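Following: one structure in structure tokens, then a few remarks.
The values are calculated or read from the model by the stated rules, or taken from the named source; none is laboratory data. Just so you know, these numbers come straight off a predicted model, no measurement behind them. Areas reflect the complete protein model, heavy atoms only, side chains present, ligands, DNA and RNA absent. Shrake-Rupley method; radii C 1.70, N 1.55, O 1.52, S 1.80 Å.
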Amino acid sequence: IDGTEKVFDSRLIPEFDDDGSVESVLSIAVDVTEQEQVNAALQNSRARLQFTLESACIGDWELDLRTGKARHSLQHDQCFGYQVPIDDWGKERLLSQVHPQDRAQVVHCFAQCENNGDDLHFECRVIWPDGSVHWIEVHGSFYGAAPQGRRLLGIVTNTTERKEAEYLLREADRKKDEFLATLAHELRNPLAPIRNALQILRLTQDVQAQEKARSIIERQLRQMVHLVDDLLDVSRISQGKVALRLERVDIADVVQAAIETSRPLIQAGGHQLSVRLPATGLLSVEADVTRLSQTIANLLNNAAKYTPEGGHIEVIAVEEAGQAVVAVRDSGIGIPSQLLPRVFDMFAQADRTPGHSQGGLGIGLALVKRLVEMHGGSVAGHSDGPGLGSQFTIRLPLPAAVVDVGQHGHDKSLPPNASDDEQDSSGLTPGSASNN
């Protein structure tokens with residue numbers, strides 16, 4: 001009457017005459033509009049819930065505690081590494097995929113839940129069928145009458161990415177703490193000799209003592225300035241504020257400039273330095289000469305710092321497979337295998353025990369990596385282990401014209417014990433060494 005649509009559930013019942021014919025039909029109609037509205041609302045609610053779960057990659061499950069069997073969604077199965085639905089799933093199968101180190105914790109959570117009626121909640125690692133390890137988080141709550149009808153209804157999510165992010169944040173926080181401690185130590189170290197030198201200048205009139213005091217102050221200030229410069233360089237590069245001034249430069253000239261920068265540290269350690277370079281003009285790259293020299297000097301400084309007194313350092317530059325290759329080798333303390341993959345990370349350092357390190361903030365190799373990559377190149381580190389020395393190799397692309405010529409010419413490679421048939425620019429013949 002008012003235009004409202006109604007839904008009826010109708011039944012027609014025939015009434016038969018004596019001869020079997022239908023004499024009349026009884027019609028019974030029940031207004032089920034409200035029930036239909038409830039059913040429609042329930043279906044819409046289920047659809048929205050399913051959409052939400054799928055969009056959030058959340059799997060839903062229902063576990064019968066009496067039988068141990070479970071109803072589960074495809075998203076649930078995907079959390080365990082299956083891309084198609086698994087028919088036979090239950091508590092035992094779940095436990096079989098939990099990482100052995102986490103299984104006791106999960107069993108305890110289930111037992112506490114069943115015995116005390118607590119909600120179920122745990123995080124654990126699971127092993128996928130391909131052998132990879134992932135993290136899941138599980139929530140469950142009871143419903144149904146106890147004890148036979150008790151069921152757990154819950155959800156499961158893959159939390160691997162979150163766990164990895166948490167690990168990286170913890171590592172970054174740990175490195176930050178180590179860096180601040182190192183920075184405080186390295187900046188404080190020069191203060192004691194500077195203070196002592198100032199006392200000498202104040203108390204003595206001896207010219208030689210005053211000159212020695214001034215030398216101490218200058219040397220310690222240079223060290224502090226170097227630390228601050230490294231910090232500023234990392235900050236500028238991270239923010240994209242460093243612009244390279246590219247020009248055609250001779251690798252031999254760049255390496256010689258780097259050696260001059262590092263020579264005081266090499267001499268202080270009494271190290272033997274071998275230099276093997278191509279003749280002037282034979283190997284050039286497009287580079288910022290100041291920044292490229294800085295990267296090689298950083299490698300030389302590291303070699304000098306982490307090589308015991310009287311060690312051997314070798315610098316080699318060759319052309320290899322259309323690239324300019326500069327390698328710095330040393331006979332130093334080497335790099336443990338577990339540290340090697342992280343050696344270019346910020347604040348990563350090798351053994352800092354007395355006699356092995358001469359300070360630094362652990363950002364030299366990070367600077368090297370970033371500056372080399374800005375030149376379109378790559379850098380890699382290698383060590384056979386502690387006490388067996390290290391090698392760092394920079395590879396830079398050659399200018400296009402040089403590569404075209406090189407494809408028809410002789411390509412010198414860098415063998416395990418590299419040598420060069422040409423005399424280097426410092427006057428050393430291959431295999432010879434110079435005490436610097």
Distant-in-sequence amide H partners of Ala324 (H built 1.01 Å from N, under 5 Å): Leu396, Leu398
Percent carbon-and-sulfur accessible area, segment 101-143, ignoring ligands, DNA and RNA, probe 1.4 Å: 49 percent
Solvent-accessible area per residue for segment 255-355 (1.4 angstrom probe, square angstrom): 36 Å²
Accessible-area composition of segment 164-228, carbon plus sulfur, in percent [1.4 Å probe]: 59 percent
Order of exposure, largest accessible area first, which applies to Tyr167, Tyr306 with probe 1.4 Å: Tyr167, Tyr306
Tensor-based shape of segment 223-328 (alpha-carbon gyration tensor, a/c under 1.5 rounded, otherwise prolate or oblate): oblate
Partner aspartates and glutamates for Lys6 [C-alpha distance under 14 Å; skip if fewer than 8 residues away on the same chain]: Asp31, Glu34, Glu36
Residues of segment 59-189: accessible area per residue with a 1.4 Å probe, Å²: 57 Å²
